[in-house]
Every structure is written in structure tokens, then in C-alpha cells.
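The values are calculated or read from the model by the stated rules, or taken from the named source; none is laboratory data. Since we're looking at a predicted model, the values are computed, not measured. All Cβ positions, even for glycine, are placed from backbone atoms using ideal geometry, and neighbour counts span all protein chains on display. For the accessible areas, the whole protein counts, side chains as well, though only heavy atoms, and no ligand, DNA or RNA atoms are used. Shrake-Rupley method; radii C 1.70, N 1.55, O 1.52, S 1.80 Å.
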Amino acid sequence: MQQSNTAILEVKGLSMAFGGIQALNQLDLKVHGGEIVALIGPNGAGKTTFFNCVTGIYTPTAGDVLLTPPGQKTTRLNGLKPNVIAKRGMARTFQNIRLFQNMTVLENVMIGRHCRTSSFILGAIFRPPHTRREEQEIVDHSYAILEKVGLADVVNDFSKNLSYGQQRRLEIARALATEPSLLLLDEPAAGMNPQETQELDKLIRRIRDEGHAVLLIEHDMKLVMNLSDRIYVMDYGRRIATGTPQEVSADPAVIKAYLGESDDA
Amino acid sequence: MNFAEIRRALGVALWFVFLTFPLMVIRVDSIESTIEWRWMNMLWVAVGSFALSLLTSWYFRRREAAVGKVSDKPPLAVRLRTWTADPARRLPLFGALAAFAIVFPFLFSSYQTNIMTTALMYVVLGLGLNIVVGLAGLLDLGYVAFYAVGAYSYALLNTHFGLGFWTVLPIGAALAALFGILLGFPVLRLRGDYLAIVTLAFGEIIRLVLENWNDFSQGPSGISNIERPALFGIELTLNQSITYLYFLMLLMVIITIFVVNRLQDSRIGRAWLALREDDIACQAMGIDKTKTKLTAFALGATWAGMVGVIFAAKTTFINPASFTFLESAIILAIVVLGGMGSILGVIIGAFILILLPEYLRALADYRMLAFGAILVTMMIFRPQGIIANVRRTYQFTRKDA
Ligand SMILES: Nc1ncnc2c1ncn2[C@@H]1O[C@H](COP(=O)(O)OP(=O)(O)OP(=O)(O)O)[C@@H](O)[C@H]1O
Ligand SMILES: [Mg+2]
């Protein structure tokens with residue numbers, strides 16, 4: 001594991017309120033290059049809200065989100081639009097799968113290439129050589145990613161016709177197509193059978209080895225414990241513990257959050 | 001055919017008898033002050049609706065039985081594509097089509113040619129709106145506004161400044177695109193029903209401005225004596241001009257098909273589709289929603305602007321009455337009936353919706369009724385439109401790693 005010391009993502013004091021609900025409360029979090037970090041917590045803890053705030057879908061009420069892709073300047077992401085954030089190098093998947101249902105599997109991934117390509121109206125109409133090259137590059141690159149996630153034999157199917165596990169992998173492929181330095185996965189194993197989860201484990205490691213840092217939300221504890229370098233645990237919008245899998249699983253606050261109040265509390 | 005279906009059909013028949021009773025049965029003769037009871041009509045309505053009801057339940061039963069079973073038959077669009085892919089069929093088919101299109105104005109009367117030109121205009125309008133509604137999924141009910149912008153651009157620039165048709169064609173297109181962007185900005189955040197309402201209002205605003213701003217547009221009385229397009233400075237007779245406009249429109253249709261086809265199958269085209277499918281995921285994947293929406297509105301409007309210029313040149317007279325909501329509705333119906341996002345579908349839809357009412361004139365008063373019935377039937381039996389959109393497949397050049 002070649003971890004670097006610079007944090008790709010640094011979140012400081014992130015807070016988010018929906019009316020009276022404090023979904024995120026002064027949350028701090030860091031992800032370094034080459035790391036797989038997990039964010040866990042009971043249902044409704046605010047994990048998805050954290051992703052939404054970091055990726056620009058919600059505007060957080062307070063706090064800072066700083067992204068430093070390797071070899072690039074640090075940018076503050078608060079208030080930027082989701083598409084700008086994606087272009088800066090952070091991509092995500094969705095807990096409730098959000099694929100482009102009436103587009104083919106390949107086209108879904110091709111959409112991910114959008115922010116790394118540039119042809120526009122005139123290019124589309126007149127199709128000069130560089131546009132043709134770009135289109136072919138989009139197709140080939142997307143196909144290569146689909147091979148990597150194991151969807152090469154369904155490239156021309158509508159994404160709505162895929163199985164649940166395949167759809168989750170397609171979401172990952174689509175996010176990878178944007179060339180993220182940090183990949184955010186929201187419950188990638190949900191709905192997968194043990195064998196698919198096993199393959200997912202391998203896939204995520206491979207993604208990390210190819211130079212994308214990974215931050216994942218997951219309820220499958222076996223997967224989380226095997227995979228993660230570090231874990232953040234949250235409950236009611238707060239960070240209640242952080243550390244290696246061993247440290248976290250021994251933490252009394254974590255046990256309490258997961259098992260409920262004990263008698264002497 | 002079970003008992004429940006027969007009972008349902010009886011209910012439907014009774015309901016229709018009740019609904020159509022005042023129209024179909026009673027006839028008041030106001031001169032003689034008598035009432036004529038046409039009981040035979042009631043019988044026809046009853047028998048007709050009874051039979052239709054049985055027919056539809058039979059159809060739906062058959063369709064339900066087919067659900068789950070994977071059909072061996074690929075969709076119509078795919079079958080058409082494979083059928084025409086063979087050059088031995090393709091060449092004669094397109095050749096015959098092209099030949100027919102070219103000889104059309106010489107074979108038929110100028111009245112027929114005029115109707116065909118109108119149909120071609122709606123093909124382009126449909127393909128333009130298809131970009132906004134079919135591809136980008138933005139329900140635009142005010143599309144006619146851009147058509148009006150094009151028509152008034154030519155009418156005003158021609159009557160005031162004497163600018164010719166060919167000069168104004170690009171100006172009208174650009175102005176319409178500009179209006180497309182103007183409409184796009186305030187509706188960027190809107191979706192679905194809200195977007196539909198605002199675009200509808202936009203269309204009405206443009207029409208009301210044209211109707212009431214007399215100094216600018218001469219109000220309801222409209223603008224007359226607009227020049228027909230000239231052919232390299234040669235003055236044309238009326239009949240020649242009709243033929244000329246027909247070929248102009250034909251060329252325009254070909255260009256539109258070419259351009260829309262290319263747009264559809266490009267980086268922007270895919271972004272439109274993604275926006276239609278899921279706008280949050282689309283943004284999260286790095287697509288600029290604002291830019292994508294505005295391009296769709298602008299590019300859709302461009303076609304309406306150009307057809308507007310041609311419309312003004314064709315009729316030589318325009319007034320706001322040509323740009324009512326009904327026009328927007330017809331163009332939208334073309335897109336929906338033809339099949340959202342499908343070029344061939346929109347072309348067929350335009351021909352059906354524009355030519356059918358013309359040739360149903362024989363049915364006199366029942367023309368619009370028959371037209372409505374055909375539309376409703378179409379939507380029941382093929383809700384996805386005549387030609388459902390199919391996605392293309394791609395060739396990979398695999399690099400050996
Ligand atoms: N758009 C919203 N409006 C109002 N409340 C919201 C919104 N989104 C999330 N919340 C609330 O914020 C809290 C955190 O929700 P969130 O979806 O982030 O939880 P989670 O940790 O992802 O849970 P799960 O494990 O079930 O996915 C919940 O109480 C939820 O009801
Ligand atoms: Mg969640």
C-alpha cells in the first residue's frame with residue numbers, strides 16, 4: 001500500500017441542516033492517496049448526506065471541503081456545481097441506483113467521458129478528423145472500463161435490463177470514466193450475493209491499485225473490515241470514532257451505536 | 001371472451017349512448033319547432049362501442065399474455081434498419097423515394113404541392129422540437145413562439161428594409177436561437193409540469209405581444225405583401241414559386257435529417273439523453289446542465305426560426321393567428337405520435353398529422369372526429385409512438401495491452 005501523506009480530500013467541520021434536522025454536525029474527514037477509507041454508521045446517520053454535500057448536490061450549511069488531486073492545486077469545493085466537482089477529480093455512485101435507464105450500458109459509461117472530452121455543436125455536425133478520433137477514444141476507453149468491471153458482454157443492452165449487481169458495477173464503471181482521483185461509493189454491495197461481493201472486493205482493490213483513492217459507505221461489515229485501511233464511524237451526523245478496522249471494532253462508542261443503549265447508560 | 005368482458009362492453013356501450021345522446025339522437029328543428037328522434041343513430045353508437053370495447057379487451061388480453069415471454073421479433077425500428085441495411089434493397093428504395101419526391105410537383109397540381117410543402121415544413125418543425133422534447137426531455141409547449149420569431153423576422157425585415165429571403169434565413173435562425181436561450185434561462189431550474197406551464201406562457205406572451213404591439217407588428221391585421229423567395233434574382237410566377245418552395249423545403253428536410261442525426265449521435269446528443277434520463281446523475285458525471293439545456297433550446301428553436309422564415313415567404317401574409325397554442329400542440333403531437341427521439345418516427349408522424357386531415361376532407365364534418373379517433377387509437381396501441389427509438393451499437397478498436 002503506497003500511501004502518500006497529502007490528503008486528496010480534506011473535510012473540516014462539515015455541517016448540514018434540513019430544517020430542524022442536523023444531518024451532519026461538525027464532521028472532519030480525510031482521505032489520502034492510495035487509501036481505501038470506509039464511512040459507516042447506522043441507518044439515517046447522515047452518510048449519504050455527507051456524499052451529497054461533498055459532491056455539490058447539496059450546499060453544506062458550514063464547513064470546508066478541500067480537494068487536492070495528486071500533482072494539482074488544492075481547491076475549495078463548497079458551492080461548486082456537481083459537474084465542476086466531477087471535473088476536478090471526484091466521482092461517485094448512488095445508493096439508489098441512478099443509471100440512464102434507456103441508454104445502453106456502453107453509452108452510460110460514455111457519459112462519464114463527457115468531462116474529459118470537448119467536441120461541441122460544429123464538431124458534432126461536421127465531424128472533422130479530431131472529433132472522430134475523440135469519439136473513437138470515448139468508445140474504446142469506455143469499453144476498456146466495462147471489460148475491467150466485467151460487463152463486456154452486455155455493452156449493447158439497455159442498462160435497465162441489467163441485474164442488480166451488474167447495475168452497481170455499471171455505476172462504478174461510469175464513475176471511473178471521469179478519471180477520478182477519488183471515487184466515492186455509496187453502498188456498492190447492497191443487493192449483491194456473497195460471490196458478487198467477493199468480486200466487488202477484488203474490483204475495489206484493483207481500482208485503488210490503479211491510482212484512485214476510494215471512500216466507501218457500506219453496511220456489509222465483512223467487506224468493510226477486509227477492505228478498509230481506515231474507518232470513520234458516524235451516528236446522528238457526528239463522527240463517533242475513527243481508526244483502523246481493529247481499533248474501530250473495539251471502540252465502545254461504536255458498539256453502543258450499533259447495538260443500542262446498554263443497561264448502565 | 002368471458003362474461004366480465006361482455007358486461008364491461010355493455011357498460012361502455014350504455015355510457016357512450018348516454019354521452020352521445022344529445023348529439024346523435026335529438027335533432028331540434030328550430031324553424032318548424034319540432035324535435036326529430038333519430039333512434040337508428042343510437043343503435044349504431046351502441047353496437048359500435050360494444051364491438052370496439054370487446055376488441056380492445058381482446059387486444060389487451062393478448063398483449064398481457066405476451067408479457068414475460070421474450071418476443072423473438074425485434075422492435076419495428078430494428079427490423080426496418082436491418083431490412084434497409086442490405087444495399088440491394090436500400091438503393092432501389094431510396095432511389096424510388098428520391099425520384100418520387102423530385103417528380104412530385106410535376107405530377108400533381110400546385111394545390112397538392114402546396115400541401116406537401118406544408119407537410120415538409122412540419123417535418124422540420126417536428127425534428128426541431130424533437131431535440132428539445134424527445135432527446136433532452138424538456139416538455140416545451142411554446143415551441144410555436146420560435147416559429148413566430150422566424151416568420152416575423154422575415155416579414156418585418158423584408159417590408160421595412162427590403163432584405164431578401166436568403167439574407168433573412170440565417171438571421172431568422174439566429175434570432176430564434178437567441179429567443180431559445182432567452183426562454184432557457186428562466187426555466188433552467190424547472191422540470192416536468194412546471195416547465196410545460198412556463199413554456200406555454202412564453203408562447204402566449206410572444207403571440208400577445210405580436211397581437212397588441214401595433215406599431216411593431218401591425219397587430220391582428222398582420223403583415224402582407226411579403227416577397228416570395230427569388231431564384232438568383234429571377235422573378236417567378238406563382239406556380240413556379242410553389243415548385244421552388246417545395247424543392248427548398250425538400251432540401252431543408254434533407255439537411256435537417258442529416259444534422260439532427262449527427263447531433264443525436266454525438267457527445268452533446270448523449271448529454272441530452274442523459275439529462276432526460278436522470279438530471280442529478282447527469283450532473284454528477286460532469287455534464288454541465290445549464291449549457292446542455294440551453295444548447296437544446298437554442299438548437300431546437302433554430303429550426304423553427306428557419307421554417308418560420310419559409311412560412312412567411314410561402315404565404316406572403318402572416319398574422320398572430322397562425323401562431324396559437326394549437327400549432328405547438330400539433331408539433332408536439334407529431335413528436336409524440338411518431339416516437340420520441342426517433343427521426344423516422346417524427347417524419348412519419350408529420351405526414352400522418354398534416355396530410356391525414358387534408359385527405360379526410362371527404363368526411364366533411366366528421367373529419368376532426370375521425371382524426372381524433374385515429375390519434376387516440378394510436379396512443380392506445382402504440383404508446384411508444386410509431387417508431388420507438390433504438391440506441392445504436394458501436395465498433396471497438398481493441399488495443400492489445
Ligand atoms: N433532502 C433531505 N431533506 C430532509 N431530510 C433529509 C434529506 N436527506 C436526508 N435527510 C435526513 O438526513 C438524515 C440522514 O440521512 P442519510 O440519507 O444521509 O442517511 P444514511 O446514513 O445514508 O442512511 P442509510 O444507511 O439508510 O443510507 C436522515 O434523518 C434523513 O431523513
Ligand atoms: Mg445512505
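Annotations for the structure displayed:
Yes or no, residue by residue, for (1) of a type outside the set (A, V, I, L, M, F, W, C); (2) closer than 20 Å to B:Ala350 by Cα; (3) modelled with pLDDT under 90:
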residue: B:Gly128; (1), (2), (3): yes, yes, no
residue: B:Ile131; (1), (2), (3): no, yes, no
residue: B:Ala148; (1), (2), (3): no, yes, no
residue: B:Ser153; (1), (2), (3): yes, no, no
residue: B:Gly164; (1), (2), (3): yes, no, yes
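- No other residue among A:Ala23, A:Ala62, A:Ala17 is over 18 Å from the mean Cα position of the chain (by Cα) and away from ligand 1 (no atom under 15 Å from the Cβ) apart from A:Ala62.
- Screening B:Leu156 against (1) open to solvent by 10 Å² or more (accessible area, probe 1.4 Å); (2) out of contact with any strand residue (DSSP E or B) (no Cβ under 9 Å at 6 or more places or on another chain) leaves a single unmet condition, (2).
- Scan of segment A:128-147 for residues that are free of Cβ contacts under 8 Å to residues at least 12 places away in the same chain and either crowded, with 20+ Cβ neighbours inside 10 Å or within 7 Å of chain B (Cβ to nearest Cβ) (or both), ordered by number: A:Gln136, A:Asp140
- A count restricted to segment A:244-265 and to residues that are open to solvent by less than 10 Å² (accessible area, probe 1.4 Å) and either within 16 Å of ligand 2 (Cβ to nearest atom) or touching an Asp or Glu at 6+ places or on another chain (Cβ under 8 Å) (or both) stands at 0.
- Residue within segment A:230-239 that is part of a loop (DSSP other than H, G, I, E, B), over 30 Å from A:Gln101 (Cβ atoms) and free of Cβ contacts under 8 Å to residues at least 40 places away in the same chain present: no
Matching residues to (1) on the phi > 0 side of the Ramachandran plot; (2) away from ligand 1 (no atom under 16 Å from the Cβ); (3) at pLDDT 95 or above; (4) assigned to a helix (DSSP H, G or I):
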position: A:Leu170; (1), (2), (3), (4): no, yes, yes, yes
position: A:Ala173; (1), (2), (3), (4): no, yes, yes, yes
position: A:Leu185; (1), (2), (3), (4): no, no, yes, no
position: A:Arg205; (1), (2), (3), (4): no, yes, yes, yes
position: A:Leu215; (1), (2), (3), (4): no, no, yes, no
position: A:His219; (1), (2), (3), (4): no, no, no, no
position: A:Lys222; (1), (2), (3), (4): no, yes, no, yes
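- Looking at A:Arg132, A:Arg113, A:Arg127, A:Arg98, just one residue is out of contact with any Leu (no Cβ under 9 Å at 6 or more places or on another chain), of a type in the set (D, E, K, R) and within 16 Å of ligand 1 (Cβ to nearest atom), and that residue is A:Arg98.
- Here A:Ala86 meets each of (1) within 16 Å of ligand 1 (Cβ to nearest atom); (2) under 27 Å from A:Ser163 (Cβ atoms); (3) under 17 Å from the mean Cα position of the chain (by Cα) with one exception, condition (1).
- Index of the failed condition, B:Phe50 passing every other in (1) part of a helix (DSSP H, G or I); (2) in contact with a strand residue (DSSP E or B) (Cβ under 6 Å, 6 or more places away or on another chain): (2)
- Condition check for B:Ala313: in contact with a Lys or Arg (Cβ under 8 Å, 6 or more places away or on another chain), away from chain A (no Cβ under 14 Å) and more than 18 Å from B:Asn130 (Cα to Cα): yes
- Residue in segment B:373-391 that is open to solvent by less than 50 Å² (accessible area, probe 1.4 Å), touching a strand residue (DSSP E or B) at 6+ places or on another chain (Cβ under 7 Å), within 14 Å of another protein chain (Cβ to nearest Cβ) and at pLDDT below 80 present: yes
- Subset tally (residues that are of a type in the set (A, V, I, L, M), in a helix (DSSP H, G or I) and more than 11 Å from chain B (Cβ to nearest Cβ)) for segment A:148-168: 2
- Each residue in segment A:70-87 was checked for being closer than 28 Å to A:Asn25 by Cβ and surrounded by fewer than 20 Cβ atoms within 10 Å (Cβ to Cβ), and 8 pass.
- Residues that are in contact with an Asp or Glu (Cβ under 8 Å, 6 or more places away or on another chain) and under 18 Å from B:Val168 (Cβ atoms), drawn from segment B:282-330: B:Ala313, B:Thr316
- Residues in segment A:24-64 that are within 14 Å of chain B (Cβ to nearest Cβ), in a loop (DSSP other than H, G, I, E, B) and within 16 Å of ligand 2 (Cβ to nearest atom): A:Thr55, A:Ile57, A:Tyr58.
- The C-beta contact set for segment B:93-112 (first residue closer than 14 Å to B:Leu250 by Cβ, second residue surrounded by 11 or more Cβ atoms within 10 Å (Cβ to Cβ) and not β-branched (Val, Ile, Thr), distance under 7 angstrom, 6+ apart or interchain) comprises B:Ala101/B:Leu250; B:Phe104/B:Met116; B:Pro105/B:Tyr246.
- Evaluation of A:Gln72 against (1) within 16 Å of ligand 1 (Cβ to nearest atom); (2) at pLDDT below 95 (one fails), failing number: (1)
- Considering residues of segment A:98-127 that are open to solvent by 40 Å² or more (accessible area, probe 1.4 Å) and part of a loop (DSSP other than H, G, I, E, B) only, the residue nearest to the other protein chains (Cβ to nearest Cβ): A:Arg98
- Matching residues, segment B:268-284, being over 18 Å from A:Glu171 (Cα atoms), touching a Ser or Thr at 6+ places or on another chain (Cβ under 9 Å) and either surrounded by fewer than 23 Cβ atoms within 10 Å (Cβ to Cβ) or more than 7 Å from chain A (Cβ to nearest Cβ) (or both): B:Trp272
- The condition of being within 16 Å of ligand 2 (Cβ to nearest atom) and touching a residue at least 40 places away in the same chain (Cβ under 8 Å) holds for only one of A:Leu216, A:Leu203, that being A:Leu216.
- When each of A:Glu179, A:Glu196 is tested for being away from chain B (no Cβ under 14 Å), among the acidic types (Asp, Glu) and either away from ligand 2 (no atom under 16 Å from the Cβ) or part of a strand (DSSP E or B) (or both), the lone residue that passes is A:Glu196.
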